[in-house]
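Quick one: structure below, then a few questions.
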Amino acid sequence: MRLTVLGGCGVWPEAGQACSGYLVEHDGFRLLVDCGYATVPRLLAHLSVDDVDAVFISHGHPDHCADLNPLLRARALRDDRPPPLPVYALPGALDAVLALDRPGMLDAAYALNEVSARDLDIGPFRAETRLLPHWVPNAGVRLAAGGRVLAYTGDSGPNADVVALARDADLLVAEATYVREVPEDSVGYQSSARDAGRQAAAARAAQLLLTHLQPGTDHEAARATARGEYDGVVGVAAADVVVELS
């Protein structure tokens with residue numbers, strides 16, 4: 001299993017970067033996990049839109065799903081359209097982004113599969129989803145294939161279900177919008193690098209990749225804070241970071 005980061009910025013993309021988007025590959029299958037602002041240009045640096053086999057969207061905030069619109073446009077607005085792209089998301093999560101164009105314009109480009117807190121198969125991946133706390137419904141996901149496991153939180157406050165989702169995972173990709181302290185108005189709905197480190201340690205995950213850092217955050221400070229809570233390998237998600245799980 002291989003993870004390629006297309007973007008890991010929270011809220012909006014920094015120069016040369018993109019918001020949440022991760023290409024997860026196994027056995028020739030290419031799964032795009034989240035598709036936030038500016039991820040499609042980063043995706044096109046690696047493969048064509050026709051090469052994406054499926055998309056999983058954690059939740060409906062635009063820094064996680066806005067670029068689903070250009071991805072579907074690139075598949076729909078041409079004479080040689082590829083087959084409908086399987087898109088997995090919580091009920092209603094994509095209503096806003098799918099309504100950006102006139103009704104029906106993109107219908108042939110995708111097949112929407114609504115998910116809930118259950119297991120499902122996406123290509124070679126066994127996917128376990130859990131609802132994790134955020135301001136809108138958010139599905140964390142655990143992807144297993146070839147004896148390897150990747151867990152992703154989407155956006156989430158610290159929660160026992162994050163630990164369960166990441167239990168003994170080879171890699172936990174965890175939201176860490178803040179470095180140490182989460183502002184009072186966001187407590188329970190977002191996490192810090194300190195929170196991510198604590199939860200990676202509790203889950204006994206082999207590696208931790210911090211993501212969704214607020215633009216302008218000192219990456220080394222975030223990494224050092226997580227390391228204060230967790231003894232494993234800690235990285236920060238940025239465009240073109242690759243993690244091989246083998």
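Derivation of every value follows stated rules applied to the coordinates shown; laboratory data play no part. Everything numeric here is computed off the predicted structure, so don't read it as measured data. All Cβ positions, glycine included, derive from the backbone under ideal geometry; neighbour counts span all protein chains shown.
Rounded if a/c is under 1.5, else prolate if a/b is larger than b/c, else oblate: which is the chain, with a ≥ b ≥ c the root eigenvalues of its Cα gyration tensor?
prolate
Now for a separate question. Report the FRET efficiency, 1/(1 + (r/R0)^6), for residue 126 and residue 95, where r is their Cβ-Cβ distance and R0 is 41 Å, rounded to 0.05.
Efficiency computed from Cβ-Cβ geometry: 0.90.
Taking 0.36 nm per intervening residue step and subtracting the Cα-Cα distance, what contour gain separates residue 135 from residue 27 on full extension?
So the chain would gain 35.4 nm between residue 135 and residue 27.
Cα centroids of region 187-246 and region 14-75: how far apart, whole angstrom?
Each part reduced to its Cα centre gives a spacing of 21 Å.
Something else about it: In what sequence do 26, 212, 61 fall when counting other Cβ within 10 Å, fewest first?
Least crowded to most crowded, the residues run 26, 61, 212.
Could you please report the charge total around residue 146, scoring K, R as +1 and D, E as -1 over all other residues with beta-carbon less than 13 angstrom from its beta-carbon?
Net charge in that neighbourhood comes out at -1.
Provide 81, 2, 75 in ascending order of the number of other Cβ atoms located within 10 Å of each residue's Cβ, fewest first.
81, 2, 75
Would you work out the charge dipole size for the chain about its Cα centre, treating the Cβ of every Lys and Arg as +1 and the Cβ of every Asp and Glu as -1, and quote it to the nearest 20 debye?
Computed charge dipole of the chain: roughly 240 debye.
Between residue 51 and residue 214, what FRET efficiency follows from the Cβ-Cβ distance if R0 is 30 Å, with the result rounded to 0.05?
That pair, residue 51 with residue 214, gives E of 0.40.
Is the C-alpha gyration tensor of region 18-92 telling us rounded, prolate or oblate? Criteria: a/c under 1.5 is rounded; beyond that, a/b larger than b/c is prolate, otherwise oblate.
In terms of gyration-tensor shape, rounded.
Where both residues lie in region 2-244, what percent of DSSP beta bridges are antiparallel, nearest 5?
So the antiparallel bridges in region 2-244 amount to around 55 percent.
For 64, 46, which order do you get if you count the other beta carbons within 10 Å of each Cβ and list the fewest first?
Listed from fewest to most nearby Cβ atoms, that is 46, 64.
Going by amide H atoms built from the backbone, whose H comes under 5 Å of the H on residue 138, apart from near neighbours?
Residues meeting the criterion, in which the H sits 1.01 Å from N, are 132.
What net charge do the residues around residue 51 carry, taking every other residue with its C-beta under 12 Å from that of residue 51, with Lys and Arg at +1 and Asp and Glu at -1?
The answer is -1.
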